[in-house]
Amino acid sequence: MASRKNLHADRAALAHKVRYALAHPHRVPAHLRRAGRNRWLAFTHRDHVGYYRAVMASDTRRSPEAAVGSPTHEAWLQLGELQFDYLRAHGLEPGHRMLDIGCGNLRAGRRFIDYLDSGHYYGIDISPDVLVAAKRTLTAEGLQSKLPHLTLTQDLTLDFLPDAHFDVVHAHSVFSHSPLPIIDECLAHVGRVLAPGGFFDFTFDRTLGSEHHVLREDFYYRTETLTALANGHGLRARFMDDWELRGHGQSKIRVSAEQVPGAGSSVAAGHSQTSLP
Ligand SMILES: C[S@@+](CC[C@H](N)C(=O)[O-])C[C@H]1O[C@@H](n2cnc3c(N)ncnc32)[C@H](O)[C@@H]1O
């Protein structure tokens, strides 16, 4: 499938906004409404987690599926399958323990929960509203007997989780909504909870130009920024080339706790191995 990425746009630049508005005039009113709402939410919630939690509350009230980024139920199902198929193809096994950071309303979590042994799925999220929606998904799918753990979190220190426990840690479309200090916090702590041979896969909105954000909702990073951050915490980071072939708008990095050869070295996009742990 062809890539849908526009890797050079600076969506925060006025010129880009004007060009976009001229090309898509019908989208302007909705964007302005969203910008106005977000401005108010940013004013009333000064920290990012509080702000984004408020964004999720507002979006989830309208539609939990749209709140996690799927405009239709079919798209919601497809995005769940995409995440599940990718990890299955990368060696996910029923006996593995999985931590799903920013699990949302279990778009993919429902597939992981069904597949993994009972009690092996841990989903965490900053949004109580989306976790309530997650419980509804769980019930609708009849997955009660799999006893997944669904936990509200305020930060990504992962301090309530045990050492060396998870074979797979996963964050799909979470860092695309996160400023750098939140990503840094996660990378500083994820190594502790990874089991030997375990890995952490996360997606991000990639840019080859200047890093920017839109409405403090969507954050665009260069691959080197994130791999260097991981390396700085003693983690190895690999850009996953084969994810690019799946037609998703974001890119994916895999982090593992293997020793980084030569402090500070990073893996550049497109030049990495994609062999699997
Ligand atoms: C676009 S949704 C994706 C949900 C899920 N990963 C999926 O693919 O269906 C992003 C989710 O991440 C959560 N989130 C955002 N920032 C977070 C953070 N710092 N820690 C934990 N969850 C976060 C949001 O509340 C939301 O449920």
**Q.** Condition broken by ASP59, with the remaining ones in (1) surrounded by 15 or more Cβ atoms within 10 Å (Cβ to Cβ); (2) of a type in the set (D, E, K, R); (3) under 30 Å from ALA164 (Cα atoms) satisfied
**A.** (3)
Q: Collect the residues in the stretch 80-101 that are surrounded by 19 or more Cβ atoms within 10 Å (Cβ to Cβ) and either aromatic (Phe, Trp, Tyr) or farther than 20 Å from ALA164 by Cα (or both), keeping them in residue-number order.
A: GLY80, GLN83, PHE84, TYR86
**Q.** ARG216 more than 10 Å from the ligand (Cβ to nearest atom), of a type outside the set (Val, Ile, Thr), surrounded by 15 or more Cβ atoms within 10 Å (Cβ to Cβ) and modelled with pLDDT of 95 or more
**A.** no
(Q) Step by step: first the residues of the stretch 100-122, then only those that are not in a loop (DSSP other than H, G, I, E, B) and not charged (D, E, K, R), then the one that is nearest to the ligand (Cβ to nearest atom). Which residue is that? (A) ILE101
Q.
Considering only the stretch 256-274, I want to know if a residue exists there that is at pLDDT 95 or above and not β-branched (Val, Ile, Thr).
A. yes
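Run down THR157, THR207, THR151, THR203 and say which single residue is modelled with pLDDT of 95 or more, within 23 Å of ARG88 (Cα to Cα) and of a type in the set (S, T, N, Q). Reasoning before the result, please.
Numbers: THR157 fails: within 23 Å of ARG88 (Cα to Cα); THR207 fails: within 23 Å of ARG88 (Cα to Cα); THR151 fails: within 23 Å of ARG88 (Cα to Cα).
None of the other options fit; the residue is THR203.
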Q: Kindly indicate whether HIS26 is more than 16 Å from the ligand (Cβ to nearest atom) and either at pLDDT 95 or above or in contact with a helix residue (DSSP H, G or I) (Cβ under 7 Å, 6 or more places away or on another chain) (or both).
A: no
Q.
Please return the ranges of strands (runs of 3 or more DSSP E) entirely within the stretch 123-216 where 2 or more residues are in contact with a helix residue (DSSP H, G or I) (Cβ under 7 Å, 6 or more places away or on another chain).
A. 149-152, 166-171, 194-206
Q: Find all pairs meeting these conditions: Cβ atoms under 8 angstrom apart; at least six residues apart or on different chains; first residue within the stretch 175-203 and farther than 14 Å from ILE253 by Cβ and within 11 Å of the ligand (Cβ to nearest atom); second residue polar (S, T, N, Q) and outside any helix (DSSP H, G or I).
A: GLU185/THR157
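The values are calculated or read from the model by the stated rules, or taken from the named source; none is laboratory data. Note that the coordinates shown come from a computational prediction; the quantities given were computed from them, not determined experimentally. Cβ: placed from backbone, ideal geometry, glycine included. Neighbour counts: every protein chain shown.
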